[in-house]
Amino acid sequence: MIGIVIVSHSKQLALGVRELAAQMVQGQVPIAVAAGIEDPDKPLGTDPIQVYEAIASVFSDNGVLVLMDLGSALLSAEMAIEFLPETQQKKVHLCEAPLVEGAIAAVVAAAAGRDIHQVMAEARGALLAKATQLGVVTRPLSLASHNTPTTNIESPTREIRLSVSNRLGLHARPAAQFVTTAARFQSQILVQNLTRNTELVRGDSINQVTTLGVRQGHELLITAIGSDADEALSALQALFTNNFGEAARSCCSNKEGLPNPEGEDNVALNSPPAFHHEVKPASHGELSGIPASAGVAIAPVVHYQPTHIAITEYHVNDPDAEWQRLQAAINIVRQEIQAVFSQASLQIGDTEAAIFDAQLLFLEDPVLLEAAKERIFEHHINAEAAWQAVVDEVATSYRTLEDSYLQERVDDVVDVGQRVLRLLGGNVPANLHLEEPAILVTTDLTPSDTARLNPKKVLGICTTSGSATSHSAIIARTLGIPAVLGVDAQVLHLADGTLMALDGETGRAWVEPESHILDLLAAKQSAWQAAQQEARSTAHQPAITRDGRQVSVFANIGSINDVQVAVASGAEGVGLLRTEFLYLDRTSAPTEEEQLEVYQAIAQVLDHRPLIIRTLDVGGDKPLPYLRVGFPEANPFLGWRGIRFCLDHLDLFKTQLRAILRASVGHQIKIMLPMIASVTEVRAAKVILGEVQAELNQAGISFDAAMKVGIMVEVPSAVAIADQLAAEVDFFSIGTNDLSQYVMASDRTNPRVANLVDALHPAVLRMVQQTIQAAHTAGISVGLCGELAADTLATPILLGLGLDELSVNPQAIAGVKQAIARFCIVESEAIVASALQQDSAVHVRELISTLLIRPA
């Protein structure tokens, strides 16, 4: 692999360039930095020895490219080469390319396997897009030309006809499942909607599949061409047979009796879809719109004007570099959306957060990417113009669909498209930071816009377009921001500071409302706030059953921001701190000091509440780009992960343990080891912990010598030997997410078997029971930190099993505490006794539901 060296007078600048470049290629290309000098008073400068060491650290026979900023950087680089052996000097190339753009272009080319001269050419051409403004007009390129792939005519061809039984057909989530499944196979998958007599489209394209406009009752022809055609069709048929996992949702509806296509039945009960909204006559000063998010807001208006990105099409001489530039921007946007997905998973749960899956699939859509690439290479146009053209075509295809729900997915297409264009053009998002609380007035908000809103400043949302079933509306409801959408455009002409009132439950807004309107709304707002305050105050009380048994309710978190939300939501501590966020999305492992700062900050917010820190849980299934596994794992889920990974990377493990121990002073911090499958692993980890403690003692560094150590119980072997493990540790935490998959031998991401992964299956519940009994016999506490803990239907089961604590996502805390207060231990134990005798998770759920609704 070609190595890259960045030489700069400023160490901060060089490190920033390296981080940016490394993100473009996920750490695949070795990059070294030689920047600044060791002089606190005058840190700017370059050192030939630093440059020499940097070159040596990334040297290979493939060559090294050295990028410099200016002045002495060039002299230092030239001098450094003289220190190298003559055979190596010929393979080190100094390049005059711009530092930032050149580094990005170089690493992308190196990662693509180009030779050193091609990499230099890419770096030198990095500024070409900025310098060239020729504006060449090209003919439109239809995405349809990329629908049908080239296949081997001799390949086996199979086809099936399937009818769609989903209430809303192939909407965003089922379409994403279809595309993801199709992409797993070597065979080419083609799909045709026979009911609508559409053309054949590619099954691995999210946009092509979605724009088939497949509704309930439509018949599809699915063709597979390739060696694994039978297996591919069998997997796709299983999706249809299982209703794409929506069987359990078929009974869920909103107030209008319509299904909630994105699983929004928990958050959208006050928000009927736009296409069923009847606009009532508006009184004087009143605007009528679509109720999208319940609540009352009274505040001055502030207008928000989304940043308009003007695209200029121009000729490029190096289409290869332009294509790499587009791919680099797409990679960064993918990381941004994955970050949004992770945060949404924490705030609203995995199921609802899956609305962002379609945005990720959009970026990976082969039809879209091939069309953009063809425009760049055939017509030599810039990446911005090519990308805008293909995004516009996709958006237009969505708008022309007859189905109103699918038409609303245009917002997601535009949102993702704008993200990429902003990166390509170096634009920053429009400022959504408000100095004072206000009602935001605008034409529309994208999901990205909405996700950036601060509910303490944005008291309400009023737009002239949008609908209650849009993803933006879902996010507004999640944030608790009242919203009225689709009001008359006259609202856009109001001056900033004009007083407005809106009622997100009825879909009405008032401009400069009269006193009696203000009184009515203020009374409604006060009642609503009182109800919310009562819920919040209840959430800050201990969770106690009707017969006096207290159960601790902790939070699962993954950042400093999360712990603040958790405490505000009534968390009595943190039952699971996922430390992976410290290690991901970077080019090197976090230092001891970096980790110490984060752990101390979180513990400080908790103010002596318990904090359970899970040690690093990555490996084959969640690899770190800066650590080379050395070989791909056939089944990473059963491979080198969790404690196994840490025991093989003692430098990483010891650094984390040192940081945790140092942070423990004055706080209730506990260590939890993940993926424990044997007593040997626990003992090995304790030996290493002891070594770290001894090192700290020798250095005179304080730590909590009595800090407790526990384990995650998430594999069947740990359950089987729970009595032996309990003798080694201070507490158990049951991870039902993984335990359910291991017990049922089923992957929740595999649609053919995902329905088996239910933590309420009697087999899983018996495992949980066995673990709790072993823990209590040994006199140690046991908690549960899987998604099951947040399922209030399961609360009586968990109480009856005897758990000491539950750890849930912050937004579930209030509901779980209220559920605990509704039961007593005796009746819960009776429910458990019956549940353990059932033969399926479905029957367990039916049992609980029957018992909960029977007359008192």
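The values are calculated or read from the model by the stated rules, or taken from the named source; none is laboratory data. This is a predicted model, so every value here is computed, not measured. Note that each Cβ is placed from the backbone with ideal geometry, even for glycine, and that neighbours are counted across all protein chains shown. Only protein heavy atoms, including side chains, enter the accessible area calculation; ligands, DNA and RNA are left aside. Shrake-Rupley method; radii C 1.70, N 1.55, O 1.52, S 1.80 Å.
The table below lists the values:
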quantity: Potential lengthening between His117 and Thr538 on full extension [0.36 nm per residue; Cα-Cα distance subtracted]; calculated: 144.8 nm
quantity: Added length on full extension, which subtracts the Cα-Cα distance from 0.36 nm per residue, Ile701 to Ser849; calculated: 47.8 nm
quantity: Protein accessible area in segment 758-856, 1.4 Å probe - carbon and sulfur %; calculated: 54 percent
quantity: Leu520-Arg586 pseudo-label distance in nm [points 7 Å out on the Cα-to-Cβ vector]; calculated: 5.6 nm
quantity: In sequence order, calculated HN-Hα J values of segment 644-656 (Karplus, 6.51, -1.76, 1.60; Hz; x Gly/Pro); calculated: 4, 5, 5, 5, 9, 10, 4, 5, 5, 5, 5, 4, 5
quantity: Pairs from Lys11/Lys686; Lys11/Lys708; Lys670/Lys817; Lys524/Lys817 whose Cα-Cα separation, in the structure shown, is over 31 Å; calculated: Lys11/Lys686; Lys11/Lys708
quantity: Sequence-separation-based contact order of segment 735-843, relative, with Cα cut under 8 Å and 6+ spacing, percent; calculated: 28 percent
quantity: Cα Rg, Dmax, segment 11-83, angstrom units; calculated: 12.5, 39
quantity: Difference of contour (0.36 nm per residue) and Cα-Cα distance, Lys686 to Ile332; calculated: 123.5 nm
quantity: Where segment 39-122 is the region considered: accessible area per residue in Å², 1.4 Å probe; calculated: 49 Å²
quantity: Label-to-label distance, nm, for residues given as Asp723 and Glu219 (7 Å Cα→Cβ offset); calculated: 6.2 nm
quantity: Bins of 5 Å, starting at 0 and running to the largest distance - Cα pair percent for segment 410-467; calculated: 4, 16, 26, 24, 17, 11, 2
quantity: Paired Rg and Dmax values of segment 706-800, which use every Cα atom, in angstrom; calculated: 13.4, 47
quantity: Whole-number accessible area per residue in Å² for segment 160-225, which is evaluated in the context of all protein chains at 1.4 Å; calculated: 35 Å²
quantity: Average accessible area per residue (Å²) across segment 472-549 - probe 1.4 Å, nucleic acids and ligands excluded; calculated: 51 Å²
quantity: Summed side-chain charge close to Pro542 - residues other than Pro542 whose Cβ falls under 11 Å, Lys, Arg +1, Asp, Glu -1; calculated: +1
